[in-house]
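**Student:** Before anything else, here's the structure in question.
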Amino acid sequence: MLKDITLGQFFPGDTIVHRLDPRTKILMVIIYIVALFQAKWFVTYGILLVFLAIAVRFSKVGAKALMRGMKPVLFILIFTGVLNLFYNTAGTILWHWGIFTVTTGGIRVAFFMVIRIMMLISGTFLLTYTTSPILLTDGIECLLGPLKKLRVPVHELAMMMSIALRFIPTLIEETDKIMSAQKARGADFDSGNLIDKAKALIPLLVPLFVSAFRRADELATAMECRCYHGGEGRTRLRQLVYTGKDWITLISGLALLAVVCVLAYGFGL
Amino acid sequence: MEPILELKQLNCIYSQGTPFEHQALTNIDLSVYPGEYIGIMGHTGSGKSTLIQHLNGLLKPTSGQVLLHGRDIWESKASVRDAKFHVGLVFQYPEYQLFEETVYQDIAFGPKNMKLDQEEIERRVRQAAGFVGLSEDLLQKSPFELSGGQKRRVAIAGVIAMEPEVLILDEPTAGLDPAGRDAILDNIRTYHKSKGSTVLLVSHSMEEIARSVERIVVVNDGRLPFDGTPRSVFSHSKELREMGLGIPQVTQVFQRLKELGLPIEDDCVYTMDEARDALLRLAGKGAV
């Protein structure tokens, strides 16, 4: 159950997608998202879907794992779908009952909205699935580098992010363990009304918070022991190097965006 | 005698259908009889923790059956929950699961979930606290004020208070000093003797297991290669070493002595008492 939460989880591997520079991958995800919001009709969505499929294929992550990540947002998907279905009143009316009206326009908007969100999530998941948290934050820190001139604490933000990402799986594991231990003592997390359920969480949350604070304390000590004092003058073990395949990927990404924009705005496809 | 707990052709596969797919247990058959004191041995990652979580219905087998008194515990939702009251499981580092305001309330958490009446809960809490050697005045303290060893006792008492027919302890002495370790093992042995309940002790320390158990089950790579008396299991010293497990130091000493040509009749000496007797016999023969 808890293992289904794949947010921010990294699938180690050695494919071309894994080896790409994290900056390239982050930029590609941004380009992909921008393109996704320009897409209008089957042709443009199709092109982006093909692009996504190719990336997934190369990464060897597997569509199954990608779909599993969709589970936690299923509610949002259904919610947006239903809302869009009834709110949009363009086109011809197909069905009418009280305040509810379904039109061709509504169906169209709802359909594409759900597809868009699903593709959005798959694309970003692909990034976190194929990029280790360390590389990811290195990439973000590097991309945000210019903001340092404006006194934005880029390094601190990146460090906080990498710590947070790093501890998501640990905390999930810990939650799982405490849950099992309390279940072994007969705790029941699933039945009862809302108040019962909230009360049932106390045996889970108290130990979880205690251990999170303990962990934070230990981590702070460990960092201090290694003389960590912020990003000033800190060198890297792994230097990010841009290679040929990164440029090729990036240029093809920009080309993709251009094609999608032309098709969407020029031809309404 | 009818087994109290039985595993039949149990298989467990983690994360099926992902790159992390991993077969943790393969075709396990195991019978546990009432009143037994069993040691479960296996190195880290051998599947022993997975195995014990199947015994009380925390993990659902991918295939195969878990029988409690001959009935499948996965029969209904109620029977799965019920299994947890009959098979008590103390996790590794159980002190991290404490959450209540007082030690008393924390130990009472399990019995309360069993919907027992107040009087019975009180009796069980005091008795369980007695078994693990917690003094009366500690019961009203916050569990977070206690020392590591005391916290561990509270957590163990929390499971004992449910008075399970089968008590499983996963590395109950991990991270404790020798004195604390001996005390907890003594407590468990006393509990086993006075309650006559079945106890399964998971550990990778041979000395710890050899001292008290009547039967050893070895877990390796998701299978159970050896299952029998300590004597029969420790006679496979070579295979055990290949699995990353050892045999008790006393046994090693005596095997070496035998190799050196001393007339030791016993095939396998594994406790201090046996060692003393064997040495006395040797002295009697005038060999030493």
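**Student:** At a threshold of 8 angstrom on Cα-Cα distance, excluding pairs fewer than six apart, so keeping six or more, what relative contact order does chain B reach in percent? Write out the running numbers ahead of the final one.
**Tutor:** Values: 501 pairs, mean separation 60.6, N = 288.
About 21 percent, as a whole number.
**Student:** So what's the back-of-envelope 222 nm ellipticity for chain B, counting only DSSP H runs of four-plus at -39500 (n - 2.57) apiece and dividing by all residues, rounded to 500?
**Tutor:** So the calculated ellipticity at 222 nm is -12000 deg cm²/dmol.
**Student:** Along Cα→Cβ, 7 Å out, is where each label goes; now give me the distance between the ones at residue B:176 and residue B:137 in nm to one decimal.
**Tutor:** 2.2
**Student:** Using the C-alpha atoms of region A:118-175, what convex hull volume per residue, in cubic angstrom, is computed? Can you show the working numbers first?
**Tutor:** Details: hull volume 5.7 nm³, N = 58.
Hull volume normalised by residue count: 99 Å³.
**Student:** Could you list log10 I(q)/I(0) for region B:1-157 at q = 0.14, 0.15, 0.17, 0.20 Å⁻¹, which the Debye formula gives when each Cα is one point scatterer?
**Tutor:** Log10 of I(q)/I(0), two decimals: -0.85, -0.94, -1.10, -1.25.
**Student:** Compute the Rg/Rh shape ratio of region B:76-197: radius of gyration over Kirkwood radius, all on alpha-carbon atoms. Mind dumping the intermediate values first?
**Tutor:** Details: Rg = 13.6 Å, Rh = 14.4 Å.
Here Rg/Rh amounts to 0.94.
**Student:** For the pairs A:25/A:64; A:199/B:141; B:151/B:193; A:71/A:148; B:48/B:151, note any where the Cα-Cα span goes beyond 31 Å. Don't skip to the end; give the middle numbers.
**Tutor:** Values: A:25/A:64 21 Å; A:199/B:141 22 Å; B:151/B:193 24 Å; A:71/A:148 38 Å; B:48/B:151 24 Å.
Going by Cα-Cα distance, A:71/A:148 fall outside the 31 Å limit.
**Student:** How big is the Kirkwood radius of chain B, worked out from every pair of different alpha carbons and given in Å to one decimal? Display every interim value, and only then the final one.
**Tutor:** Working: mean 1/r = 0.0490 Å⁻¹.
Kirkwood radius, chain B: 20.4 Å.
**Student:** Note every residue of region B:68-109 with a reduction of at least 30 square angstrom in accessible area, all protein chains present versus the isolated chain, computed with a 1.4 Å probe, or write none.
**Tutor:** Residues losing area: B:81, B:84, B:91, B:96, B:97, B:99, B:109.
**Student:** How about residue B:285: which lysines have a C-alpha closer than 28 Å to its C-alpha, ignoring those fewer than 8 places off in the same chain?
**Tutor:** Straight-line reach from residue B:285, under 28 Å: B:258.
**Student:** Let me check against my output: what whole-number percent is the relative contact order of chain A, with C-alpha pairs under 8 Å and at least 6 apart?
**Tutor:** Worked out over chain A, it gives 31 percent.
**Student:** Accessible area per residue for region B:236-282 in Å², computed with a 1.4 Å probe and the full protein assembly in place, what is it? Present the calculation step by step, with values, prior to reporting the outcome.
**Tutor:** Values: 2920 Å² over 47 residues.
With the other protein chains kept in place, region B:236-282 gives 62 Å² per residue.
**Student:** Which residue fluctuates most in the GNM of chain B (Cα springs below 10 Å): B:179, B:128, B:24?
**Tutor:** B:179
**Student:** Treating each Cα of the protein assembly as shown as an identical point scatterer and ignoring solvent, apply the Debye formula and state log10 I(q)/I(0) at q = 0.13 Å⁻¹.
**Tutor:** Scattering profile of the protein assembly as shown, log10 relative to I(0): -1.30.
**Student:** Next up: Given just the C-alpha atoms of chain A, how large is their convex hull per residue in cubic angstrom?
**Tutor:** On the way: hull volume 53.4 nm³, N = 269.
It comes to 199 Å³ per residue, whole-number rounded.
**Student:** Taking only Cα atoms and a 10 Å spring cutoff, compute GNM fluctuations for chain B and point out the largest among B:260, B:134, B:58.
**Tutor:** In the Gaussian network model the winner is B:260.
**Student:** So what's the back-of-envelope 222 nm ellipticity for chain A, counting only DSSP H runs of four-plus at -39500 (n - 2.57) apiece and dividing by all residues, rounded to 500?
**Tutor:** -22000 deg cm²/dmol
**Student:** Taking a cut-off of 14 Å between Cα atoms, list the aspartates and glutamates near residue B:115, but don't count ones fewer than 8 places away on the same chain.
**Tutor:** A:188, B:82, B:163
**Student:** Which whole-angstrom value gives the distance between the alpha carbon centres of region A:83-127 and region B:221-285?
**Tutor:** So the two Cα centres are separated by 73 Å.
**Student:** Using the heavy atoms of the protein chains and a 1.4 angstrom probe, tell me the accessible area per residue for region B:18-175 in square angstrom. The partial results should precede the final answer.
**Tutor:** Values: 6280 Å² over 158 residues.
Ligands and nucleic acids excluded, the figure is 40 Å² per residue.
**Student:** With springs only between Cα atoms under 10 Å apart, run a GNM on chain A and tell me which of A:65, A:200, A:35 wobbles the most.
**Tutor:** Highest fluctuation of the listed residues: A:200.
**Student:** Report the normalised scattering of region B:138-288 as log10 I(q)/I(0) at q = 0.09, 0.14 Å⁻¹, calculated by the Debye formula with identical scatterers on the alpha carbons.
**Tutor:** -0.38, -0.81
**Student:** What are the ³J(HN,Hα) values, in whole Hz, obtained from phi via the Karplus relation 6.51 cos²θ - 1.76 cosθ + 1.60 with θ = phi - 60°, for each residue of region B:181-190 in sequence order, with x given for Gly and Pro?
**Tutor:** 4, 4, 4, 5, 5, 4, 4, 5, 5, 4
**Student:** If you roll a 1.4 angstrom probe over the protein chains with everything in place, what fraction of the accessible area of chain A belongs to carbon and sulfur, to the nearest %?
**Tutor:** Numbers: 11400 of 15980 Å².
The nonpolar share, carbon plus sulfur, comes to 71 percent.
**Student:** Now, a different point. How large a share of the accessible area of chain B, in percent, is made up of carbon and sulfur atoms when the probe is 1.4 Å and the other protein chains stay in place?
**Tutor:** 50
**Student:** Expressed as a rounded percentage, what relative contact order does region A:63-160 have, with Cα pairs under 8 Å and six or more residues apart? Write out the running numbers ahead of the final one.
**Tutor:** Details: 82 pairs, mean separation 21.6, N = 98.
Here the relative contact order equals 22 percent.
**Student:** Still on this structure: If you take every residue apart from residue B:123 with its C-beta less than 12 Å away from the C-beta of residue B:123, what net charge results, scoring Lys and Arg +1 and Asp and Glu -1? Spell out each step's value before the answer.
**Tutor:** Values: positive: B:124, B:126; negative: B:117, B:119, B:120, B:122, B:163.
After counting each charged neighbour, the total is -3.
**Student:** Are there GluC sites (Glu not before Pro) in region A:179-269 that DSSP marks as loop and that have at most 12 other Cβ atoms within 10 Å, and which are they? Could you put the intermediate results ahead of the total?
**Tutor:** Values: sites: A:218, A:224, A:232; in loops: A:232.
Passing both the DSSP loop test and the Cβ count: A:232.
**Student:** Can you find, among B:261, B:219, B:91, the residue sitting farthest towards the positive end of the charge dipole of chain B, where Lys and Arg contribute +1 and Asp and Glu -1 at Cβ?
**Tutor:** Towards the positive end, the residue furthest out is B:261.
**Student:** Going by average Cβ neighbours within 10 Å, how do the peptides A:81-87, A:144-150, B:196-202 rank, with the highest at the top?
**Tutor:** Values: A:81-87: 15.1, A:144-150: 11.0, B:196-202: 21.6.
Put in order of decreasing packing, that is B:196-202, A:81-87, A:144-150.
**Student:** Chains A and B: how much accessible area gets covered up at their contact, both sides added, probe 1.4 Å, in Å² to the nearest hundred? If you can, show how the numbers build up before the last one.
**Tutor:** Details: alone 17010 and 14040 Å², together 29030 Å².
That pair of chains buries around 2000 Å² in total.
The values are calculated or read from the model by the stated rules, or taken from the named source; none is laboratory data. Source: prediction; values computed, not measured. So basically every Cβ, Gly included, is an ideal-geometry build from the backbone, and we count neighbours across all protein chains shown. What goes into the accessible areas is simple: the full protein's heavy atoms, side chains included, and nothing from ligands, DNA or RNA. Shrake-Rupley method; radii C 1.70, N 1.55, O 1.52, S 1.80 Å.
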